[in-house]
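First comes the structure, then the notes that go with it.
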Amino acid sequence: MTDDQAGGRQAPAAPAIELRGISKAFGPVQANKDISIRVMPGTIHGIIGENGAGKSTLMSILYGFYKADEGEIFINGRKTEIPDSQAAIAAGIGMVFQHFKLVENFTVLENIILGAEDGGLLRPSLSKARKVLSELAVEYELNVDPESRIDQIGVGMQQRVEILKALYRQADILILDEPTGVLTPAEADQLFRILDRLRAEGKTILLITHKLREIMEITDTVSVMRRGEMTATVKTADTSPEELAELMVGRKVLLRVDKVPARPGQTVLEVDNLRVRDPKGVERVKGIDLTVRGGEILGIAGVAGNGQSELLEVLGGMRPGHGQIRLNGTPLALEGPGSDGRARRAAGIAHVPEDRQREGLIMEFHAWENVAFGYHRDPAYQSGPLMNNAALLRDTQAKMQKFDVRPPDPSLAAKNFSGGNQQKIVVAREIERNPNLLLVGQPTRGVDIGAIEFIHKQIVALRDQGAAILLVSVELDEILSLSDRIAVMFDGRIMGERLPGETDERELGLLMAGVSGEAA
Amino acid sequence: MDFLTLIQIFDSTIRLSTPLLLACLAGLFSERAGVYDIGLEGKMLMAAFFSAAVAAVTGSVWLGLLAGIAASMVLAGLHGVAAITFRGNQLISGVAINFLAAGLTVLIAQDWFQQGGRTPSLMGGGRFTPLSLPLAETLAPVPVIGPIYAELLSGHSILVYLAFLAVPASWWVLNRTRFGLRLRAVGENPAAVDTAGVSVVGLRFAAVAICGLLCGIAGAYLATALQAGFVKDMTAGRGFIALAALIFAKWRPWHAMWACLLFGFLQAVALRYQNLDIGGLVIPVQVMDALPYILTVVILAGFVGKAIPPRAGGEPYVKER
C-alpha cells in the first residue's frame with residue numbers, strides 16, 4: 001500500500017535499496033549468486049530463507065562487513081561503495097544484529113553515542129544524545145531509560161537500544177537480522193508495532209527471518225533465498241506461507257505436523273521437587289514436578305535461559321541436581337555414581353542435546369564415530385578388545401539411509417554436514433536405540449524446513465511406538481504442533497500446564513513472561 | 001617508631017611505588033582495551049637498560065628517557081603485531097617479550113660496556129635529580145607540616161610527580177573522553193565498536209602504544225632516578241607486582257594508585273627493617289624482602305574479592321556476522 005503511494009507520488013521513485021548482481025564466494029562455497037533486489041522507501045521488505053541460504057552474507061555485504069566479489073549497490077538511486085561499516089552508516093544504513101552489539105556494562109546512552117560522539121569530550125555528546133533520545137522516544141514510541149546499564153535491562157529493551165543506535169545515526173534504512181529469536185511473543189508484538197511506526201515515518205526496513213508467520217504479518221514484499229540465489233520476490237499479499245515454504249525448500253512442505261491423538265500409557269518419567277544449581281551456585285531449577293507417560297510428548301516452552309536447559313541436562317546425566325527422578329518407578333541417582341550419561345543411557349534414556357555442535361557431536365570426527373558415541377560399549381560394535389569398525393560403518397550407513405542424511409558418507413567429518421544433516425545424525429543415533437524416554441532439546445534449531453519436517457515425523461513415530469518424550473524448545477510453533485501436553489517454564493519453575501488444543505500463543509506467551517495462569 | 005622515621009618510610013614508599021604505578025597504569029590502558037600484557041616486566045627492563053646506556057654515553061638523562069621510551073614502545077609494537085594483527089596468544093607473546101628483554105639487555109650491555117652486563121654508573125646530568133618544591137627550605141622547621149612537605153612531598157625526581165599526576169589524567173581520559181569511551185568499549189565488546197564504524201585494531205594499537213610509553217618511563221625511572229645505572233634483572237618482578245596491583249585495583253586508576261602505594265610501602269618497610277624485631281621474635285630479612293611477592297601471590301590467588309576483568313580481555317578480535 002505504502003509502496004504504491006510512494007510509486008504514485010514521485011514517479012519514477014528511486015528504490016531505497018537496489019542490489020544488482022551481487023555475488024560472493026567463500027572459497028568453493030558460493031554464498032550469494034547474482035542477487036538483485038529493489039526495495040522501495042517506506043516499506044518493509046522480508047528476506048526469508050533457510051539457514052545457510054545466504055541471507056546473512058547478503059546483509060553483511062550491505063553493512064560493509066564483507067566485500068562483494070561482483071555487483072553494485074544503489075542507495076536512494078545513487079551508486080554506493082560500502083567497504084566498511086563506517087560507509088554503511090554514512091549511507092544511512094543501520095543494522096540490528098541477531099546477537100546485539102552492545103557493551104554490557106555501559107549505560108544505554110554510552111552505547112548509543114559510541115562511535116557517533118561529537119568531539120573529543122563525552123559530556124556534550126551525552127547531553128545531546130539525551131535530548132535526541134527523548135525526541136526519538138516520542139516520535140517512535142521507543143521508550144528506554146537512558147541511564148540504565150545494558151546488563152540491567154531485558155532483551156526486548158536491549159533490542160530497542162540497538163534500533164535507537166541506528167536512528168541516532170540518522171539511518172533511513174534499517175536491517176533487522178532474525179530480530180524475534182530472543183523475544184517473548186509479547187515482546188515480538190511490541191517490536192512489530194515499532195516497525196510499523198517506523199514504516200509510517202518513511203523508514204525502509206529489511207527484515208531477515210526464517211519465520212513465515214512474521215513475514216506474513218508485517219512485510220509488504222518478500223524475497224526468498226535458496227542456496228545463495230534469490231528464487232523469488234513477491235508481494236506479501238499475493239502469497240501464502242505454503243507457497244513461501246515451497247519456494248524456500250524447493251518442494252512441497254508440510255507445515256503442520258501430521259499426527260494421530262496420543263494414547264498415553266503408563267507413567268515413564270516422574271520428577272519430584274527437582275532443584276539444580278549452576279556451577280556459580282545460582283539456582284536455575286527451583287523445584288519442578290512433572291510426569292511424562294509412555295506414548296506422549298510433553299513440551300516444555302519458555303524463553304531461553306529459564307532453566308529448561310538445566311532440566312534437560314540433569315535428566316540426561318550431564319550435571320548434578322537435587323530432588324527425585326524415577327524412570328518406570330525406579331529412582332535414578334542425581335549426583336555421584338550412577339548419575340552420569342552412561343548410566344542414563346543404560347536405563348533407557350536417550351538424549352538429543354540442545355547444542356548439537358558442542359554436546360551432540362564432535363565436529364572434527366567422522367560421522368561413523370559420532371554415531372557410536374555414548375553407545376560405543378555396545379557389544380555389536382566390539383570385536384574382542386578392539387572396536388569393530390566395519391560393523392560401525394555398516395550401522396552408520398544404514399542409519400544415514402534411513403534418516404536421509406546427505407551426503408550419505410560415513411567417513412565425512414561431522415563439521416562438513418549442514419546443520420540439518422548434523423541434527424539428523426544425532427537424532428538417528430538416539431532414536432534408533434528405541435529408548436523408553438527421549439529427551440530432546442531444540443531439535444530443529446538452525447535446521448532447514450525440509451529437515452524439520454523429517455525430524456518431527458521421527459519424533460512422533462517414536463511416540464507412537466510407546467516411548468515417552470520430553471521436548472524442550474524455544475520455538476512456540478514447534479511446541480504447539482508437536483506436544484500432547486505443554487508445560488511452560490519461567491525462572492526455574494513451571495508456570496502452568498496446558499493442552500495444545502486449548503491454548504494459544506498469546507496465553508503461552510504470558511506464561512513465558514512470568515504472568516501466572518490466574519492473572520492471564 | 002618516631003615521626004621522622006615514619007616520614008622516611010613514607011618517603012621511600014613514594015619512590016618505590018612510582019615504577020609500580022607507571023607500569024600498573026600501562027597495564028591498565030592495555031588491558032582495558034582487551035589486550036593482556038604480562039610483558040610489562042620486559043618492557044620496563046628494556047627501557048631501564050636503554051635509558052641508562054644512552055644517558056651514560058651522552059650524559060643526558062633526557063635523551064636516556066627518550067631512548068628508554070623508544071625501546072619499550074618497540075616491544076609494545078611487537079606485542080601489538082603478535083596479539084592484534086596476527087591474533088596470536090597474548091600471554092605467550094608477553095612471556096616472549098620478558099625473555100627477550102632479560103637476555104638482550106645483559107648481552108648488549110656486556111658488548112657495549114664490558115662491565116659484567118651492567119652500564120657504567122650514572123653521574124651528574126645522567127641522572128634525574130630531586131626537585132625541590134617551592135618554599136621547602138622555609139617550611140622545613142614548621143612542626144608536622146614542615147617534614148611532610150619538605151621530606152615527603154618535596155625532593156623527588158620529576159618522574160615521581162609525573163607518575164602521580166598520571167593517575168587523575170588516566171581517570172579523566174578513560175571516563176571523560178571519546179577516546180576513553182571507545183577504549184573501554186573495545187575491551188568489553190569489540191564487535192560493538194566495529195559495528196559502530198570504529199577501528200578495533202587502531203584503538204588497540206593506541207592502547208598498546210600508551211602502555212609502551214608508560215612502561216618506558218617506568219624503566220627509565222628505575223635506572224636513572226631510583227638507581228644510578230642498569231644492572232641485570234633490575235626490575236626484579238616489578239612488572240608482575242604491577243599486574244597484581246592492577247587486578248587488586250580492578251582495573252581502575254585511583255585504586256591502582258592505592259594498590260601500588262601498598263606494595264611500595266611493603267618494599268619500603270623491607271628496606272628499612274632488615275631484621276624486624278617484634279617483642280623478641282625476629283623476622284628474618286628474607287621474609288621481609290619476600291613480603292611484596294607474598295602479597296602478590298595472595299592477590300593473584302583471588303583473596304581480594306571478585307575482580308571482573310574486561311570482558312574481551314585476552315581474546316583477539318575476529319570479525320563475525
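Summary table
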| quantity | calculated |
| --- | --- |
| Residue among A:Val257, A:Val253, A:Val222 that is under 19 Å from A:Ala468 (Cα atoms) and of a type in the set (Val, Ile, Thr) | A:Val257 |
| Residue match in the stretch A:183-191 (condition: open to solvent by less than 10 Å² (accessible area, probe 1.4 Å), assigned by TED's automatic domain parsing to the domain that holds A:Ala237 and either basic (Lys, Arg) or under 24 Å from A:Ala137 (Cα atoms) (or both)) | yes |
| Qualifying residue in the stretch A:157-172 (condition: among the aliphatic types (A, V, I, L, M) and closer than 30 Å to A:Ser23 by Cβ) | yes |
| Hits in the stretch A:213-234 - residues which are in contact (Cβ under 8 Å) with a residue 60 or more places away in the chain, open to solvent by 20 Å² or more (accessible area, probe 1.4 Å) and in contact with a strand residue (DSSP E or B) (Cβ under 7 Å, 6 or more places away or on another chain) | A:Asp220, A:Thr221, A:Arg226, A:Glu229, A:Met230, A:Thr233 |
| Scope the stretch A:96-109; condition open to solvent by less than 10 Å² (accessible area, probe 1.4 Å) and more than 8 Å from every other protein chain (Cβ to nearest Cβ); matching residues | A:Val96, A:Val108, A:Leu109 |
| Some residue of the stretch B:200-217 being buried (at least 24 other Cβ atoms within 10 Å of the Cβ), at pLDDT 95 or above, in contact with a Gly (Cβ under 6 Å, 6 or more places away or on another chain) and away from chain A (no Cβ under 11 Å) | yes |
| Within the stretch B:21-38, considering residues that are of a type in the set (Gly, Ala, Ser) and in a helix (DSSP H, G or I), the one surrounded by the most Cβ atoms within 10 Å (Cβ to Cβ) | B:Ala23 |
| Any hit, the stretch B:16-32, residues being more than 17 Å from B:Gly212 (Cα to Cα) and in contact with a helix residue (DSSP H, G or I) (Cβ under 8 Å, 6 or more places away or on another chain) | yes |
| Residues (open to solvent by 20 Å² or more (accessible area, probe 1.4 Å), in a helix (DSSP H, G or I) and touching a residue at least 40 places away in the same chain (Cβ under 8 Å)) located in the stretch A:505-515 | A:Glu505, A:Arg506, A:Leu510 |
| Verdict on A:Val292 being among the hydrophobic types (A, V, I, L, M, F, W, C), in the same structural domain as A:Ile469 (by TED's automatic domain parsing) and within 26 Å of A:Gly509 (Cβ to Cβ) | yes |
| All strands (runs of 3 or more DSSP E) inside the stretch A:243-304 with 1 or more residues being of a type in the set (Ser, Thr, Tyr) | A:267-277, A:283-293 |
| Test: residue in the stretch A:171-179 that is surrounded by fewer than 20 Cβ atoms within 10 Å (Cβ to Cβ) and under 18 Å from the mean Cα position of the chain (by Cα) | yes |
| Filter result for B:Gly229 (touching a residue at least 40 places away in the same chain (Cβ under 8 Å) and not in a helix (DSSP H, G or I)) | yes |
| Residues of the stretch A:275-288 satisfying the condition of being surrounded by 19 or more Cβ atoms within 10 Å (Cβ to Cβ) and more than 28 Å from A:Asp464 (Cβ to Cβ) | A:Val276, A:Arg284, A:Val285 |
| Filtered residues of the stretch A:110-125 (kept if surrounded by fewer than 22 Cβ atoms within 10 Å (Cβ to Cβ) and more than 8 Å from chain B (Cβ to nearest Cβ)) | A:Asp118, A:Pro124 |
| Among (1) more than 23 Å from the chain's Cα centre (by Cα); (2) among the charged types (D, E, K, R); (3) buried (at least 20 other Cβ atoms within 10 Å of the Cβ), the one test that B:Arg87 misses | (3) |
| Test: A:Glu135 is more than 8 Å from chain B (Cβ to nearest Cβ), among the acidic types (Asp, Glu) and not in a loop (DSSP other than H, G, I, E, B) | yes |
| Residue list for the stretch A:152-179, restricted to those being part of a helix (DSSP H, G or I), charged (D, E, K, R) and touching a residue at least 40 places away in the same chain (Cβ under 8 Å) | A:Glu162, A:Lys165 |
| Selected residue [within 26 Å of B:Ser157 (Cα to Cα) and open to solvent by 20 Å² or more (accessible area, probe 1.4 Å)] from B:Leu104, B:Leu78, B:Leu131 | B:Leu131 |
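Conditions (1) modelled with pLDDT of 95 or more; (2) of a type in the set (Lys, Arg); (3) open to solvent by less than 20 Å² (accessible area, probe 1.4 Å), marked per residue:
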| position | (1), (2), (3) |
| --- | --- |
| B:Met46 | yes, no, yes |
| B:Gly59 | no, no, no |
| B:Gly64 | yes, no, yes |
| B:Val95 | yes, no, no |
| B:Asn98 | yes, no, no |
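Matching residues to (1) touching a residue at least 60 places away in the same chain (Cβ under 8 Å); (2) out of contact with any strand residue (DSSP E or B) (no Cβ under 8 Å at 6 or more places or on another chain):
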{"position": "B:Leu122", "(1), (2)": "yes, yes"}
{"position": "B:Ile145", "(1), (2)": "no, yes"}
{"position": "B:His156", "(1), (2)": "yes, no"}
{"position": "B:Val173", "(1), (2)": "no, yes"}
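To keep it simple, each residue is scored yes or no on (1) within 22 Å of A:Gly202 (Cα to Cα); (2) at pLDDT below 95; (3) in the same structural domain as A:Gly42 (by TED's automatic domain parsing).
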residue	(1), (2), (3)
A:Leu109	no, no, yes
A:Ala116	no, yes, yes
A:Leu136	yes, yes, yes
A:Ile153	no, yes, yes
A:Gly156	no, yes, yes
A:Arg160	yes, yes, yes
A:Gln170	yes, yes, yes
A:Asp177	yes, yes, yes
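The values are calculated or read from the model by the stated rules, or taken from the named source; none is laboratory data. This is a predicted model, so every value here is computed, not measured. In this analysis, Cβ positions are derived from the backbone assuming ideal geometry, glycine residues included, and neighbour counts consider all displayed protein chains. We work out accessible area using only protein heavy atoms, side chains counted, and drop any ligands, DNA or RNA first. Shrake-Rupley method; radii C 1.70, N 1.55, O 1.52, S 1.80 Å.
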